[in-house]
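The values are calculated or read from the model by the stated rules, or taken from the named source; none is laboratory data. Just so we're clear, the structure is a prediction, and the values are computed from it rather than from any experiment. No Cβ is skipped: glycine too gets one built from the backbone with ideal geometry, and neighbour counts run over all protein chains shown. Heads up: the accessible areas ignore ligands, DNA and RNA and are worked out on the full protein's heavy atoms, side chains in. Shrake-Rupley method; radii C 1.70, N 1.55, O 1.52, S 1.80 Å.
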Amino acid sequence: MGRQPSSKPTSFDIAYLAGVSQPTVSRALRGSRSVSLATRQRIEAIARDLNYSVDKNASSLRSQRSNTIALLFFEDPTPDESNINPFFLSMLGSITRECGARGLDLLISFQKMEDDWHVRYQDSHRADGLILLGYGDYTLYERRLTDLVGHGTHFVRWGSVGEDTIGPTVGSDNVGAGRLAGEHLLELGRRRIAFLGHADGHYPEFADRYAGLCQAMAGQGIAPDAALQVDALTAEDAGYAAAQALIARGSPFDAIFAASDLIAIGALRALAEAGMSVPDDVAIVGFDDIPAASLTNPPLTTIMQDMKGAGRLLVDTLVAQIEDDPGPPSTLPVRLVVRRSSAR
């Protein structure tokens, strides 16, 4: 004799009709990627037919979860005093949409890296897990990440992806991006390519971008010139100062690959003040494709990162951790957007 549906449909009713287990129904209705797309769609269709809705309070009590994740922004120097990198603000929309699709609440907080934010979130149990955006000097951040791992805290961060990565990390193919930027500039006939941005372990994403540029140059038999690499943080003023320092060194250059769009925008100002034409004298490529990149004079050629995919992958990776599911891939492709700063 078949199961008789109760007056109020339950996940067990859905499981019976779908021919799967009740835990599979629960995971499917939470949007878990551990359930195949076809099975998830079948379960969702049955739930709609039965007018079934998830009782979030009951689910939270059973799982001892808050159904809330916390998004922590870390302080970055910016000209508008928001201290939030505009690149991360552009990622916020895709994160909130993915949380909404999964029925998760999102707690957004602004932190200083030097504070004890990791201790507060470990002890408060306000969220089931953390998404970390921005970090500045990685050597300080690294200690915080190691502590989170040691305490078993669920978290995922945006950053450099490598074999020595601490904790689950989602990021762009920074080495491939640097290679793409370098190949573009080399195809334009540029041979003296400068890099503005830190290129050491303190800023691993920048270092990866520089490594990719060096790979592209090596492919053309060009050795990197240390005089053409100038340290810079992600800020317009830092890019302006770095470009001024580059000019003052007196080493000839005909192109700049900036580690971020903000650095590139500052460099544009310094070059204009020095009477150097872009792209005639110097071609420039940035990184991030923030909204301001298309509004500069000339508009900035840049590397575009997949913001929609980034938000979805960050949430997917964190939920997979919380549910002990296998995590999705962690590296996202990039795309070159050519504008007039490198092409007439």
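Over all pairs of distinct alpha carbons, what does the Kirkwood formula give as the hydrodynamic radius of region 134-247, in Å?
Numbers: mean 1/r = 0.0650 Å⁻¹.
After inverting the pairwise mean of 1/r, the radius is 15.4 Å.
Could you calculate the FRET efficiency of ALA226 with THR331 from 1/(1 + (r/R0)^6), where r is the beta carbon distance between them and R0 is 30 Å, rounded to 0.05? Mind showing how you got there, number by number?
Values: r = 29 Å, r/R0 = 0.96.
The calculated FRET efficiency here is 0.55.
Once the mean 1/r over all distinct Cα pairs of region 184-307 is inverted, what Kirkwood radius in angstroms do you read off?
Value: 14.1 Å, from the Cα pair sum.
Can you tell which of VAL230, GLY250, SER330 lies farthest toward the positive end of the dipole of region 217-344, using +1 and -1 charges on the Cβ of basic and acidic side chains (Lys, Arg; Asp, Glu)?
Among VAL230, GLY250, SER330, the one farthest towards the positive end of the dipole of region 217-344 is GLY250.
For GLN22 and ASP49, FRET efficiency with R0 = 22 Å and r from the beta-carbon atoms, rounded to 0.05?
0.80
Suppose the chain between ALA101 and LYS308 were pulled fully straight at 0.36 nm per residue; how much longer would it get relative to their current alpha carbon spacing? Walk me through the numbers before you get to the answer.
Values: separation 207, 0.36 × 207 = 74.52 nm, distance 1.36 nm.
Computed gain between ALA101 and LYS308 is 73.2 nm.
With r as the distance between the Cβ atoms of LEU89 and THR139 and R0 = 22 Å, compute the FRET efficiency 1/(1 + (r/R0)^6) and round to 0.05.
E between THR139 and LEU89, to the nearest 0.05, is 0.30.
Using a 1.4 angstrom probe on heavy atoms only, work out the carbon and sulfur share of the accessible area of region 133-241 in %.
Numbers: 2140 of 4340 Å².
Using a 1.4 Å probe with all protein chains present, region 133-241 comes out at 49 percent carbon and sulfur.
Quick one: order ARG27, ARG144 from most to least accessible surface, probe 1.4 Å.
Details: ARG27 75, ARG144 30 Å².
Putting ARG27, ARG144 in descending order of accessible area: ARG27, ARG144.
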